[in-house]
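**Student:** Pasting a structure here, questions to come.
The values are calculated or read from the model by the stated rules, or taken from the named source; none is laboratory data. Fair warning: this is a prediction, and the values are worked out from it, not measured in the lab. Every residue, glycine as well, gets a Cβ built from its backbone with ideal geometry; the counts of neighbours run over all protein chains shown. Side chains are part of the model used for accessible areas, which takes the heavy atoms of the whole protein and leaves out ligands, DNA and RNA. Shrake-Rupley method; radii C 1.70, N 1.55, O 1.52, S 1.80 Å.
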Amino acid sequence: MMKHNYFGKIIEDEWASFHPEKETLIPYFDKKIRVYLGAEYDEDGEEMTTPPTPQQLDEFAQTLERFLTDIDKVIIDIQQSAFDYYQRIYARYYEKPFEVIFENSKVQKCKDEELHPPLNIDTKEKHFEYMKGIVEGIRIWDNQTLKIPIRYDLDEEHGMEVKIENNKVIAVGGIATT
């Protein structure tokens, strides 16, 4: 068992991932989540079984502290980058009458098999309402990098993942594609 000044007790779960015992509240996502520490797989695609070093834990703690301290600025970047992604990939489907294939709490089939009216998602704030659920937890990597997998109401099959370096969004895509 490892302990760290910032994270407290570090445990290894059944999937060979290391994380603090206690969960962390990520503002704007309204949920306490698990924070995974380090890569999930090594260069050969094998699950990581080597725990993070004390130096890595210190770096991960700094990354998370900076992220949480700057969350008001970072969230604006996340919202804008995700909205740009929506406009590039999904708007052509959702911004005209469309057939609902998979229902969820945000998008439901209309009566009598009618087409669903356009969603009229025309701002980053409106779009963010479709992406508030973090899937299980975030992962902190080396080099001040975080990955946030998001339960995306507009594409539940692929979800959405946001990759952040130095508190700047560098990629948005489906989960495990950034």
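**Student:** Dipole size in debye (nearest 20) for region 1-133 around its Cα centre, Lys and Arg Cβ +1, Asp and Glu Cβ -1?
**Tutor:** Here region 1-133 has a charge dipole of around 660 debye.
**Student:** Something else: Have a look at region 1-86 and give its Rg and Dmax from the Cα atoms, expressed in angstrom.
**Tutor:** 14.7, 43
**Student:** Roughly how many Å² is the accessible area per residue of the chain, as a whole number, for a 1.4 Å probe?
**Tutor:** Averaged over the residues of the chain, the accessible area is 58 Å².
**Student:** Just grab the label-to-label distance for I170 and I71, each label 7 Å out from Cα along the Cβ direction, in nm (one decimal).
**Tutor:** 2.3 nm
**Student:** Contact order normalised by length for region 1-117, with contacts defined as Cα pairs under 8 Å and 6 or more residues apart; what percent is it?
**Tutor:** Details: 107 pairs, mean separation 16.1, N = 117.
For region 1-117, the relative contact order is 14 percent.
**Student:** A further question on this structure: With everything on Cα atoms, drop me the angle between helix 54-69 and the longest principal axis of the chain, reported from 0 to 90° to the nearest 10.
**Tutor:** Approximately 40 degrees, to the nearest 10.
**Student:** If you don't mind, another one. Roughly how many percent of the accessible protein surface of the chain is carbon and sulfur, given a 1.4 Å probe and a whole-percent answer?
**Tutor:** 48 percent
**Student:** Helix-only mean residue ellipticity at 222 nm, the chain, DSSP H runs n ≥ 4 weighted -39,500 (n - 2.57), per residue, nearest 500. What is it?
**Tutor:** -7500 deg cm²/dmol
**Student:** At R0 = 35 Å, how high is the FRET efficiency between R88 and D13 if r is their beta carbon distance? Nearest 0.05 is fine.
**Tutor:** E between R88 and D13, to the nearest 0.05, is 0.50.
**Student:** Would you be so kind as to identify which of F128, I140, L57 lies farthest towards the positive end of the dipole of region 43-142, taking Lys and Arg as +1 and Asp and Glu as -1 on Cβ and the Cα centre as origin?
**Tutor:** The listed residue farthest towards the positive side: F128.
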